[in-house]
Structures are given as structure tokens and as C-alpha cells.
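Here the structure is laid out as C-alpha cells; the discussion comes afterwards.
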Amino acid sequence: RIVAVIMVGGPTKGTRFRPLSLNIPKPLFPLAGQPMVHHPISACKRIPNLAQIYLIGFYEEREFALFVSSISNELKVPVRYLREDKPHGSAGGLYNFRDFIMEDDPSHIFLLNCDVCCSFPLSEMLEGHKSYGGLGTILVNKVSPELASQFGELVADPVTNELLHYTEKPETFVSDRINCGVYVFTPEIFTAIQGVSTQRKERATLRRVTSFEALQPANRNLPTDFVRLDQDILSPLAGKKQFYVYETMDFWEQIKTPGMSLKSSGLYLAQYRIISPDLLASGDGSKNATISGDVYIHPSAKVHPTAKIGPNVSISANARIGAGVRLVSCIILDGVEIKENAVVIHAIVGWKSSIGRWSRVQASGDYNAKLGVTILGESVTVEDEVVVTNSIVLPNKTLNLSVQDEILL
Ligand code: GDD
């Protein structure tokens with residue numbers, strides 16, 4: 001049997017995701033019409049012999065209660081939220097709930113970061129892992145050398161796939177192969193995590209009696225139960241035949257900013273073409289809007305037949321899209337109203353916002369730039385004939401003049 005764990009973090013994480021994370025925990029922000037964490041969950045559902053999925057985080061229980069019960073019903077797989085009283089780090093969080101995880105007596109445990117967007121080739125990874133042996137296998141991807149330093153960089157043996165060297169976000173370039181934040185372990189991983197924790201306790205005792213801390217400045221203030229999978233487990237155990245890598249050639253992105261959520265939404269829409277084409281709007285029939293490329297429209301949204309929509313557009317529940325509206329590369333959240341002949345390009349329009357007639361909400365579409373995607377927070381009103389370009393607008397603002405390259409607080 002297999003158990004999967006998804007790390008969802010907590011309210012002190014995801015700060016780069018503001019203002020969108022002011023309303024909703026980042027893991028529940030919709031990408032391609034489904035909460036971010038829905039995508040890894042449905043990938044886990046495809047693993048044979050999956051017994052249970054746990055979400056581990058330090059958000060309040062009630063923030064996940066509704067989501068967890070509805071997705072359990074929808075996918076017919078038990079999903080449960082486990083709340084940490086405080087952050088324990090990625091490995092510490094897993095260790096903290098080892099009794100729950102081991103209840104099903106799993107042969108393997110998947111661990112997934114919630115803020116990555118990929119095809120999650122989990123069954124293939126498991127097959128790879130079984131053939132390599134060891135404590136765990138890491139999903140790995142090749143990125144351009146300029147981007148690599150944002151991630152854990154690693155070196156693996158090209159023949160055996162053994163992890164030989166691991167450095168978390170190094171200042172100088174090590175490798176263009178990076179850690180994708182998706183792992184499969186045997187239950188022995190708990191022994192390895194416990195080892196780090198015990199070592200910390202011993203060092204803390206030693207520090208009290210000597211000046212040992214001078215040798216360990218980086219770890220000086222870490223509590224003994226705070227264990228990071230990357231720095232504390234992968235780095236020291238690399239090159240010891242404990243960890244292996246499985247390289248994916250499919251898409252992979254990390255979702256730290258609103259801009260990257262728009263890019264990821266497009267990648268998931270493109271994936272629907274292969275795994276669930278029924279979720280994509282077709283635009284067939286004379287009563288429907290003109291659809292180009294991959295588009296998701298919630299069944300409760302009202303879209304005028306003269307609107308032109310796509311590619312990479314997702315429209316959430318109860319949105320109203322007026323006559324002659326043009327939408328390209330955008331996420332339109334619940335209850336938004338877009339009035340006649342408005343244009344939205346490279347933007348995220350927050351819950352219950354309203355965009356006036358002949359207005360434009362637009363950006364350059366550079367997903368990595370701070371203002372490369374225009375973001376409207378909740379309940380923002382853009383009045384008629386106003387142009388909002390490369391800007392971030394915080395909740396509840398009304399714009400009656402055009403703005404460019406601004407953050408409006
Ligand atoms: N429950 C819980 N508790 N979750 C946590 C905690 C914690 O204490 N700390 C982090 N997380 C969750 C985050 O929400 C996220 O989903 C995931 O664990 C990883 O977050 P970070 O530890 O902040 O690392 P990162 O995202 O900057 O980098 C990690 O992931 C990259 C891939 O996306 C590293 O492992 C990198 O090496 C890797 O490239």
C-alpha cells in the first residue's frame with residue numbers, strides 16, 4: 001500500500017503570493033479552475049494501491065475542512081488535513097505525523113510540495129525507485145543555468161542515478177539539475193529524520209558545556225524538531241547510496257508568485273487536453289462565445305456569445321462576461337463582472353471585482369517580472385474607459401484614472 005503526503009505550509013509562508021493569499025490559503029488558489037492542491041491530489045489518485053492522502057500544514061483546520069471533505073467525495077479517495085502547531089520544516093512535519101502515516105503500513109510514502117506545477121509522473125517514479133533501491137527517489141528536472149540557484153541543485157550518477165551531491169539554493173553554480181519537490185521514500189526515512197533530530201539534541205547539550213556553536217553558526221538557533229528535507233537530509237546523505245533521482249522531461253514550474261500561477265494555470269489547461277478534455281470549453285454552437293486555445297469556464301459563469309476568449313483563460317464560478325469582451329491569458333475569479341467591450345490580457349482579476357465598459361486590464365506577460373502580470377485584489381472596481389497596465393491593485397480600491405507600473409495600496 002502507498003500513502004501520499006502533500007506539504008501545504010501555513011499563513012506565514014506564501015507571502016510572495018500577496019495580495020491573492022490575503023483571501024485564501026495559497027494551496028487553494030484556483031489554477032485551471034481547480035484549487036492548486038487539487039492537481040497533485042488527482043495525480044496521487046492515479047497511483048495503484050493508494051490508501052490515503054494527507055495534507056500537512058499549519059493553517060487553521062477550518063480553512064481546509066470544506067475542501068478536504070469535498071475532494072474526498074469527488075475523487076473517492078480519503079484525504080485528510082493534519083495540522084502542525086508550528087512549522088517543523090518539510091522533514092520535521094512528516095516525522096511529526098509518522099504514526100498516522102504508518103497506520104496503513106505503507107511500503108512507500110510519496111511527499112509532494114504543494115507549490116509546484118508538473119505532470120507528477122508518480123507511478124513511473126515509483127517503478128524507478130524500486131529498481132534503484134535506497135531510502136528515496138527525488139524527481140529532478142533540467143533548468144537553465146541562470147534559474148538553477150532558486151532551487152536545490154544536485155549532481156547524480158548518469159548510470160546508476162545515485163544522488164552524489166546536493167546543495168540547497170547555492171550562490172555559485174553547481175548543476176542545472178534541480179530538485180522538483182516531489183519524492184518517494186521507504187518508511188526508513190523516519191529513521192534518517194530522527195537521526196538529525198537526535199544529533200541536534202546532542203549538539204545543543206554540547207553547546208551548553210563548550211563553545212561548539214562557533215563551528216555550527218548556521219544551525220545555531222534551529223529547534224531540535226525542525227528538520228528540512230533538503231539541507232538536513234539530502235545534503236549529508238548524498239553519495240551514500242541512500243538517495244536516487246528520477247528525471248522528468250515533462251513541464252515543471254514552481255509557484256511562488258501570482259505571475260507563476262498564471263503560467264501554471266496555462267500548463268494545467270494544456271494537460272487537460274490529454275487527461276480530461278471534458279473540462280475544456282469547446283465554443284461549438286452558435287450560442288457560445290468564440291474560444292481559442294485552452295479555456296476553462298465554470299458552469300455557473302455567464303459568458304456573452306459575442307465575447308472572444310483564450311488562449312490560457314480560466315473563469316471561475318458566477319463570473320459575468322459581457323458583450324464584445326476580449327480575454328487572453330488570464331484568471332477570472334468568482335463573482336467578477338466584466339462589462340461590455342472590456343479587454344483583459346495577462347492579468348488575474350480578484351473575487352467580486354468589476355471592470356467597466358471599454359476598459360483594459362493588461363500587462364507585458366513576463367511571468368518572472370514583479371509587474372509582468374496585472375493583479376487586481378478582491379472587490380476592486382475599474383471604472384469605464386480606464387487602462388490598468390503592469391500594476392498590482394490591493395483589495396477594495398476603485399480606479400477612475402488609468403495607471404501604469406504601479407502598486408496601489
Ligand atoms: N507543513 C509544512 N510545515 N509545510 C512546509 C513547512 C513546514 O514547516 N515548510 C515548508 N513547507 C511546505 C511549503 O508550503 C512548500 O509546499 C514546501 O513545503 C517547500 O517549501 P520550502 O521549504 O519553503 O522550500 P522551497 O519551496 O523554497 O524549496 C524547496 O522546493 C523546491 C522545489 O519547488 C526545496 O526543496 C528546493 O530544493 C526545491 O527545488
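At a glance:
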read-out	value
Near pairs, Cβ below 9 angstrom, 6+ apart or cross-chain, from the stretch 189-203 (over 22 Å from P106 (Cβ atoms)) to any residue that is at pLDDT 85 or above	R200/F226; R200/V227; R200/D232
Failed item, numbered, when S316 is tested on (1) modelled with pLDDT under 95; (2) crowded, with 18+ Cβ neighbours inside 10 Å; (3) of a type in the set (G, A, S)	(1)
In the stretch 193-211, residue farthest from the ligand (Cβ to nearest atom) [restricted to those that are in contact with a helix residue (DSSP H, G or I) (Cβ under 6 Å, 6 or more places away or on another chain) and of a type outside the set (D, E, K, R)]	L206
Any hit, the stretch 61-75, residues being closer than 25 Å to A192 by Cα and within 19 Å of the chain's Cα centre (by Cα)	no
Condition broken by L66, with the remaining ones in (1) touching a residue at least 12 places away in the same chain (Cβ under 8 Å); (2) exposed (fewer than 13 other Cβ atoms within 10 Å of the Cβ); (3) part of a helix (DSSP H, G or I) satisfied	(1)
Number of positions in the stretch 11-49 that are in a loop (DSSP other than H, G, I, E, B) and more than 14 Å from the ligand (Cβ to nearest atom)	10
Single residue of N113, N73 found to be within 13 Å of the ligand (Cβ to nearest atom), modelled with pLDDT of 95 or more and not hydrophobic (A, V, I, L, M, F, W, C)	N113
Close pairs from the stretch 47-61: first closer than 13 Å to F110 by Cα and among the hydrophobic types (A, V, I, L, M, F, W, C), partner away from the ligand (no atom under 16 Å from the Cβ) and assigned to a strand (DSSP E or B), Cβ under 6 Å, at least 6 apart	I47/I2; L50/I2
Per-region count, the stretch 131-154, residues crowded, with 21+ Cβ neighbours inside 10 Å and free of Cβ contacts under 8 Å to residues at least 60 places away in the same chain	1
All positions within the stretch 380-400 that are surrounded by fewer than 21 Cβ atoms within 10 Å (Cβ to Cβ), in contact with a Lys or Arg (Cβ under 9 Å, 6 or more places away or on another chain) and part of a strand (DSSP E or B)	T381, V387, T389
Evaluation of R83 against (1) free of Cβ contacts under 8 Å to residues at least 40 places away in the same chain; (2) out of contact with any helix residue (DSSP H, G or I) (no Cβ under 8 Å at 6 or more places or on another chain); (3) of a type outside the set (S, T, N, Q) (one fails), failing number	(2)
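The values are calculated or read from the model by the stated rules, or taken from the named source; none is laboratory data. The shown structure was predicted, so the numbers you read here are calculated from the model rather than taken from an experiment. Cβ sites come from the backbone with ideal geometry, for glycine too, and all protein chains shown count toward neighbours.
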